[in-house]
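Enquirer: First the structure, then my questions, so here it is.
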Amino acid sequence: MKTFAMYCGSIVLLVSILLVGCSKQPDAYKIGVITPLTGSRATYGAATKQGVDLAFERINKAGGIDGKKVEAIYEDSRGEPKDAGYALQKLINVDRVPVILGAFRSAETQAIAGTAESRKVVLFSASSTADEIKYVGDYIFRNVPTNSDQGKTAAHFVLEYLQKKTAAVLYQNDDYGKSLGEAFIENFSNIGGKILAQETFEGGQKDFRHALTKIKQMRPEVVFFPGNYEECALILKQARQLGIQVPFVGGDGAYSPDLFGIAGSAANGSYYTLMAMGYGVSDEEVANFLDGFKKAYGGEPDVYAAYAYDAILVIADAIKRGGYTSDGIKDALYKLEFKGVTGITKFDSYGEVSKPYYLYEAKDGKFALVTWVPTGSVTATR
């Protein structure tokens, strides 16, 4: 009888614990973050983490969200789709977060977006630009425009600013490089430019002389070469060694301080498209971000720190509006209009934004913003 009573008491205690556990609200709102913290793309992950941490600091200093602190749960993707998949599963199944910032590369985001959609967890990328991400589903968002927009900007830049009418295209053979290369080819051809050569390269490739020699023989006035900074830096170095002195124009994937460490002076005179700060739209937010970054880390931020910073503030705004659930966050994201360091963030029915791309020139170990107003644009690239 005593044993039976103890058994019943244990059951009551267990049920009580479970009920308390079910009713207890989280002490903090946790947001998952998938980014490359190690591996060859760790530079990008470090910038992302700086932006995320700075945003969390700002939110928590202001009292958090409805009195609750926000915290990040970081998972290392190493810049690889497979590792991004492991990170997603952990954040969903173990940490049970309703929203995740990530991934960094388009290939990573494309690899995990379908799972996030099927599990009804909000996935918000601050850097993946491949067009195909647009069509995955209702729980997928990003605060950067597509490669179609980026390729169009690059095409107009080459023809209007650089005054070049012939181009060769050398793109990285993955979702990012291919979609950006094809967007450039289509738009450059449509506005009167001529494509003289089209070559590809693989991620991790070290020798580009074969493709560059073929390009040199066609004598283009400019080379468009979307890819990651490691490969693009080697391309620049080998191109100059082969005597190719025409301008090279790349995408946001090559925008990294590490480009100069590999390419050295060969990077001078190359250009890169990327979404930058919201100049002329949210100058006060930009100034506050730059000041806060300098105090926290010293120096000036990488643009990817700005992207991540803005993304976290947008997510936090959605949590405040819709509550700490995937559906609440999703519904709030579609309705909000947020003024941040990258301008106005407002999502269409696909979870996409419309923001301008800017051009940066690599010069003496730094990236300098180029002054240029695209045809038909009301936003200056300066």
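Derivation of every value follows stated rules applied to the coordinates shown; laboratory data play no part. None of these values were measured; they are calculated from a predicted model. Glycine also receives a Cβ, built like all others from the backbone with ideal geometry; neighbour counts cover every protein chain displayed.
Enquirer: Share of antiparallel DSSP beta bridges in the chain, in percent to the nearest 5?
Expert: If I count the DSSP bridges inside the chain, around 30 percent turn out antiparallel.
Enquirer: For the chain, what is the Kirkwood hydrodynamic radius in Å, using each pair of distinct C-alpha atoms?
Expert: 21.8
Enquirer: Going through the DSSP H helices of the chain, which span 15 Å or more along their own axis at the Cα atoms while scoring at least 1.6 as a mean Kyte-Doolittle hydropathy?
Expert: Within the chain the helices that satisfy the rule are 2-23.
Enquirer: With a 10 Å Cβ neighbour count serving as the proxy for reagent exposure, in which order, fewest first, do SER189, SER40, SER77, SER270 appear?
Expert: If I rank by nearby Cβ atoms, fewest first, I get SER189, SER40, SER270, SER77.
Enquirer: Over the chain, what is the mean sequence separation of C-alpha contacts under 8 Å (at least six apart), divided by residue count, expressed as relative contact order in percent?
Expert: Relative contact order here is 16 percent.
Enquirer: Let me ask something else about it. Would you mind telling me which residue in LEU180, LEU101, LEU162 has the biggest mean-square fluctuation in a Gaussian network model of the chain, where springs connect alpha carbons within a distance under 10 angstrom?
Expert: Residue with maximal mean-square fluctuation among LEU180, LEU101, LEU162: LEU162.
Enquirer: Here is a further query. Relative contact order (percent) for segment 163-264, with alpha-carbon contacts under 8 angstrom and 6 or more residues of separation?
Expert: Normalised by residue count, the contact order of segment 163-264 is 31 percent.
Enquirer: Can you give the Rg to Rh ratio for segment 97-151, taking only C-alpha atoms and Rh from Kirkwood?
Expert: 0.94
Enquirer: Another question, then. Order these peptides, 112-120, 204-212, 168-176, by their mean beta-carbon neighbour count within 10 angstrom, highest first.
Expert: Order by mean packing, descending: 168-176, 112-120, 204-212.
Enquirer: Report the trypsin sites (Lys or Arg not before Pro) located in segment 30-81 that are in a DSSP loop and have at most 13 other Cβ atoms inside 10 Å of their Cβ, or state none.
Expert: Listed in order of number, the matching sites amount to none.
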